[in-house]
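Structure record follows, encoded as structure tokens.
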């Protein structure tokens, strides 16, 4: 679609050689989900989110997660006003359209959990009142690998709120050279201007929800989930929420391809990104030093696609 292609090309001015990953992020936005980007420092995680925010005319906030960050630093706090003799709620940076949660696993679990309600319900409860965030709303969180010093592992309940997870990885030599050239005299991020607005994103989200999912596709998604739960290499399989997330990503993929219906490949191609951060491996698989994504791909390949 024209709007989607404009956003992708805009981001590619800054993030070079990562079109597939850019498409994943945009699909997740269209599917009304949140994105977790895990990678080593310096691979473009934060830059990708900034480029996305700059490409869409939406409100944007960034929170740098640190060990001393408090929940109220995210959601806001009630402050006593002497003039009115009452408490007034001062909204935090979470009240935005696109929230960059930078290095989310560098803060304490208590502060991490402050995002749970707003990620799931798009609202915050404070002092007996409920406040909603404006749509569209998406949290794009970056985290460093858990083995890095000063990180706190995200709990399963928090991870399950992210629609997809992905890594950017190092650029290949050709694209890395282009990145250096593009930044020799200026920052390409400063040259990006919006090519879409909130109405266009909301329209895409509405069209995604109208993409047809046949009973055969639903049964296929359920079969994939069951396969993760019954595999001996997996300790914790995909939840029902994970299956719903996979269906949403498949619908977004169909919309990307100009279809109003989901095909099996829309589902299969997104299994690693939807299940990857949700599935926990058994001690056996960790002993064998097998990585989570390769195991999920093997499980997905073991489930027969409809019509094949």
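Here are a few things to note about the model shown:
- Failed item, numbered, when residue 216 is tested on (1) in contact (Cβ under 8 Å) with a residue 24 or more places away in the chain; (2) surrounded by 14 or more Cβ atoms within 10 Å (Cβ to Cβ): (2)
- Considering only residues in region 169-199 that are at pLDDT below 85, in a loop (DSSP other than H, G, I, E, B) and in contact with a helix residue (DSSP H, G or I) (Cβ under 8 Å, 6 or more places away or on another chain), the one that is farthest from residue 67 (Cα to Cα) turns out to be 171.
- Taking each residue of region 115-136 that is without any contact (Cβ under 8 Å) to a residue 24 or more places away in the chain and looking for partners that are part of a loop (DSSP other than H, G, I, E, B) and surrounded by 12 or more Cβ atoms within 10 Å (Cβ to Cβ) with beta-carbon atoms closer than 8 Å, six or more apart or interchain, yields 122/133; 122/135; 122/137; 123/133; 132/122.
- Exactly one residue out of 67, 93, 41 is in contact (Cβ under 8 Å) with a residue 60 or more places away in the chain, in contact with a helix residue (DSSP H, G or I) (Cβ under 9 Å, 6 or more places away or on another chain), part of a loop (DSSP other than H, G, I, E, B) and surrounded by fewer than 21 Cβ atoms within 10 Å (Cβ to Cβ): that is 67.
- The residues in region 125-153 that are within 18 Å of residue 62 (Cα to Cα) and either outside the structural domain of residue 47 (by TED's automatic domain parsing) or at pLDDT 80 or above (or both) can be counted, and the count is 11.
- Across region 282-294, the number of residues qualifying as surrounded by 14 or more Cβ atoms within 10 Å (Cβ to Cβ), modelled with pLDDT of 75 or more and either touching a helix residue (DSSP H, G or I) at 6+ places or on another chain (Cβ under 6 Å) or part of a loop (DSSP other than H, G, I, E, B) (or both) comes to 2.
- Matching residues, region 112-144, being part of a strand (DSSP E or B) and closer than 30 Å to residue 169 by Cα: 138, 139, 140, 141, 142, 143
- Residue in region 7-27 that is in a strand (DSSP E or B) and within 21 Å of residue 139 (Cβ to Cβ) present: no
- Only one of the numbered conditions (1) crowded, with 19+ Cβ neighbours inside 10 Å; (2) within 21 Å of residue 159 (Cα to Cα); (3) touching a residue at least 60 places away in the same chain (Cβ under 8 Å) is not met by residue 253, and that is (2).
- Residues of region 227-243 satisfying the condition of being surrounded by 15 or more Cβ atoms within 10 Å (Cβ to Cβ) and either farther than 11 Å from residue 267 by Cα or not assigned by TED's automatic domain parsing to the domain that holds residue 292 (or both): 227, 228, 231, 233, 234, 237, 238, 239, 242
- Tally, over region 188-202, of residues that are over 19 Å from the mean Cα position of the chain (by Cα) and touching a residue at least 60 places away in the same chain (Cβ under 8 Å): 10
- Per-region count, region 1-25, residues in contact with a helix residue (DSSP H, G or I) (Cβ under 7 Å, 6 or more places away or on another chain) and without any contact (Cβ under 8 Å) to a residue 24 or more places away in the chain: 3
- Within region 261-272, tally of residues that are buried (at least 24 other Cβ atoms within 10 Å of the Cβ) and assigned to a helix (DSSP H, G or I): 3
- Region 106-118: number of residues that are under 11 Å from residue 158 (Cα atoms), crowded, with 23+ Cβ neighbours inside 10 Å and in contact with a strand residue (DSSP E or B) (Cβ under 7 Å, 6 or more places away or on another chain): 1
- Within the option set 259, 229, 268, being more than 23 Å from residue 29 (Cβ to Cβ) and free of Cβ contacts under 8 Å to residues at least 60 places away in the same chain holds for one residue only, 229.
The values are calculated or read from the model by the stated rules, or taken from the named source; none is laboratory data. Worth saying up front: this structure is predicted, and the values here are computed from it rather than measured. So basically every Cβ, Gly included, is an ideal-geometry build from the backbone, and we count neighbours across all protein chains shown.
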